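Only one structure is covered here, and it is reproduced in the block below.
Rule-based calculations on the coordinates, nothing more; no lab input. What you see is a predicted model; the values in this text were computed from it and never measured. In this analysis, Cβ positions are derived from the backbone assuming ideal geometry, glycine residues included, and neighbour counts consider all displayed protein chains.
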Amino acid sequence: MKNFKTKVVVVTGAASGIGRALALQLDREDAVLALVDKDASALAALNDATGHRHLVQELDVADRKAVYQFAARVSTELGGADVVINNAGVAVSQTIAELDYDDFEWLFNINFWGMVYGTKAFLPQLLTKPEAAIVNVSSLFGLLSIPTQGAYNASKFAIRGFTEALQAELKGTNITAHSIHPGGIRTNIARNARLYQAPGGVSDAAAGVDLFSRISFTDADKAASILLKGIQNKRARILIGPDAVALDIVQRLFPKQYTNAFNFFEQLLNRLTPLNKAKAPLTEITKA
């Protein structure tokens, strides 16, 4: 895909973070955007910031019927999608032993099923285009696992597996499928997370956000730029950030031993981060 000019691009989770950066960069490239997010006011502000009137809709990607209805709107009003970027995602930080099923299902409904709905709802449209792309945002944590991220790891590994199967199935068609693996990106995902216990024993919400910010090396604009360039270059797996690149190498070289490194990592976090190890009830961090 040489460029995105006049391409119809769907972005989920578009109102903040990587999604917002993608929308703004694609707008500058004269793409036609179809943007969804649960935050209607932030979505409207994004549309105003573009200076154009794109198709925007408040939408919960976990609602299968709503996703299919939005796909029908894109087909009717914009002539169908050329690129679909399933970017919406949430996080839960808790040990598997203590993880509540409601939190597990909340996360999977958005991270995994939202991606599945977005893929299957738009696939018929993509198949009608001369060239098209389906882009599923996994994570560095879709390549390796760490303590307290069991649910998030499971969802992101599932996205990777789903997308790699799709790549094989679409071979020889007009569609490229891309699995995206960002490392630490400076976005609101930690602020919007359900944080009970993070690596190093952190259970205080503010400390968890501070920890995430200190281990995030890439801003959203840079992440969006790498992602879009990867689509253009038809890269099946797109790593974003120096941490993603480095730890992907570690995982490949030491597939059984890499988890030992996290013992050292946790000890380091214990020294660097003020901890509140009390077994507190759910702290759900709302958007700033």
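The residues neighbouring Gly183, those whose beta-carbon lies less than 10 Å from its own, together hold a net charge of -2 under the Lys/Arg +1, Asp/Glu -1 convention. Each Lys or Arg adds one and each Asp or Glu takes one away; over the other residues whose Cβ falls under 10 Å from the Cβ of Leu46, this sums to -3. Here the range 26-83 yields Rg over Rh of 0.96, to two decimals, using C-alpha coordinates and the Kirkwood radius. Amide H contacts of Thr176 (H built 1.01 Å from N, in plane; Pro and chain starts excluded): Ala132, Ala133, Ile134 sit under 5 Å, all sequence-distant by 5 or more or on other chains.
Protection proxy ranking, highest mean first, for peptides 80-89, 223-232, 44-53: 80-89, 223-232, 44-53, where packing is the per-residue count of other beta-carbon atoms within 10 Å, averaged.
Please work out the Cα center distance from the range 230-249 to the range 84-120, rounded to the nearest Å. Each part reduced to its Cα centre gives a spacing of 22 Å.
In this structure, the residue pairs whose Cα-Cα separation is over 27 Å, taken from Lys2/Lys171; Lys156/Lys229; Lys2/Lys120; Lys5/Lys65, are Lys5/Lys65.
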